[in-house]
1. Please work out whether the stretch 36-164 counts as rounded, prolate or oblate from its C-alpha gyration tensor, where a ≥ b ≥ c are the square roots of the eigenvalues and a/c under 1.5 means rounded, while otherwise a/b larger than b/c means prolate and anything else oblate?
2. When the Cα centres of the stretch 1-79 and the stretch 80-153 are compared, how far apart do they sit, in Å?
3. Of the residues Phe239, Phe108, Phe96, which exhibits the maximal mean-square fluctuation in a Gaussian network model of the chain defined by a 10 Å Cα contact cut-off?
4. For the stretch 223-322, what is the convex hull (Cα atoms) projected area averaged across all directions, in square nanometres?
5. Near Leu143, within a Cβ-to-Cβ distance under 9 Å, what is the net charge of the other residues, with Lys and Arg +1 and Asp and Glu -1?
6. Tell me what the chain gives for mean residue ellipticity at 222 nm when only DSSP H runs of n ≥ 4 count, each as -39,500 (n - 2.57), the sum divided by the residue total, rounded to 500 deg cm²/dmol.
7. Quickly rank 184-193, 297-306 as a protection proxy: mean count of other C-beta atoms within 10 Å, highest first.
8. Have a look at Pro337, Pro79, Pro195 and tell me which one the Gaussian network model of the chain (Cα, springs below 10 Å) gives the largest fluctuation.
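Every number here is computed from the coordinates shown, using simple stated rules; none is lab data. Keep in mind it's a predicted model, so treat the numbers as computed, not measured. Positions of Cβ are generated from backbone atoms using ideal geometry, with glycine treated the same way; all protein chains shown enter the neighbour counts.
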Amino acid sequence: MKNVRAISLFSGGLDSICATRLVMEQGIDVVAVKFVSPFFGYEILRNPEAYRLEMLKKYGISVKVVDISEDYLQMLRNPAHGFGRYFNPCIDCKIFMLERARAMLDTFDASFLITGEVLGQRPMSQRRDTLNIIERDSSTRSLLLRPLSAKLMNETEAELQGLVDREKLLDFSGRGRSRQIALAKEFGITDFPAPAGGCILADPILSARIARVYNGDFAVTPHNMNVVDILLMLIGRQFQLPNKGWLILGRDEKENDRLEELQEEGDIKLFIDERPGPVALLRRAIELYDDETVQREDIGYAASLISRYAKKSEGKPTAGNINIVEKVGQKIIYAEPLEDSNFSSWII
């Protein structure tokens, strides 16, 4: 009989670690797939091999990192099951990832899928009725094994065919972690991650920024929003200028460097040389403004914000020479700092 292989949707959290190892304990070869997007795990793409080695060393799990950013954004533009309290499309997110994993079965010669889902753990996406919807809409009803709660659910094909011993699966439910922690210790795992703060799409600050996109009152629309736009929403001080310009200011050297990394053609970069201060991007400035005069006004506002947030002199914001780098060249303008009361309504 050939070796049995499965694909695990691996988040890197305690549940997915336990579910993956539980199936591995039955002698099944498990390919753990770590999907990443701007909303989860994107930093792994800087060094995926280091992440793979870390997971192998800590948990004995072989992980394959897969970037799903572009397709994920396409899903986010119009999720069939809608959003949660903020802009977290939990049900469609899980359906999307299961569809991607199902499409990989033949590639890895795998027979079924695994997730670390626990019945009743999450109020939106792990209720029994929601789990059934996810199976139905991802066409994985017969393929999807949830090892931690399997005894509370109908048997899957893997169990019916004897590929997996159902008696060695579990009946976890609810939001507690004590049984998962005990199980991890049985596997010799003590260095497991603390509970995450949740999907970044449920973060109220990011949600407020994305809301502007969907409300049609922003430099970006749901249809042209790209990965870099999302990455920029996650960093820095953010402003919507009076003429609709989207400005991002770095708060420290690390964020300044990141803004320079993310700059694309069509963005205008601003910075100050004469004292420490923020790098700023006026995002999509070339395509956003039809009127050059209006563009100059927003550039002026941006320069004044840099003067405001640059290092103070004798405890007060000071005027300065601000470098403006555009596609057509570079110039310097002198900008007085704005009073906080003048731009508080611009903050996003």
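1. Working: a/c = 1.63, a/b = 1.07, b/c = 1.52.
Cα axes put the stretch 36-164 in the oblate bin.
2. The stretch 1-79 and the stretch 80-153 have Cα centres spaced 14 Å from each other.
3. In the Gaussian network model the winner is Phe108.
4. On the way: hull surface 26.1 nm².
With every direction weighted equally, the projected area is 6.5 nm².
5. Details: positive: Arg102, Arg141; negative: Glu135, Glu157.
With Lys, Arg at +1 and Asp, Glu at -1, the neighbours total 0.
6. On the way: 13 runs with 123 residues, N = 348.
Estimated from H runs of four or more residues: -10000 deg cm²/dmol.
7. Details: 184-193: 13.1, 297-306: 22.4.
Ranking the peptides 184-193, 297-306 by packing returns 297-306, 184-193.
8. Checking each option, the largest mean-square fluctuation is seen for Pro195.
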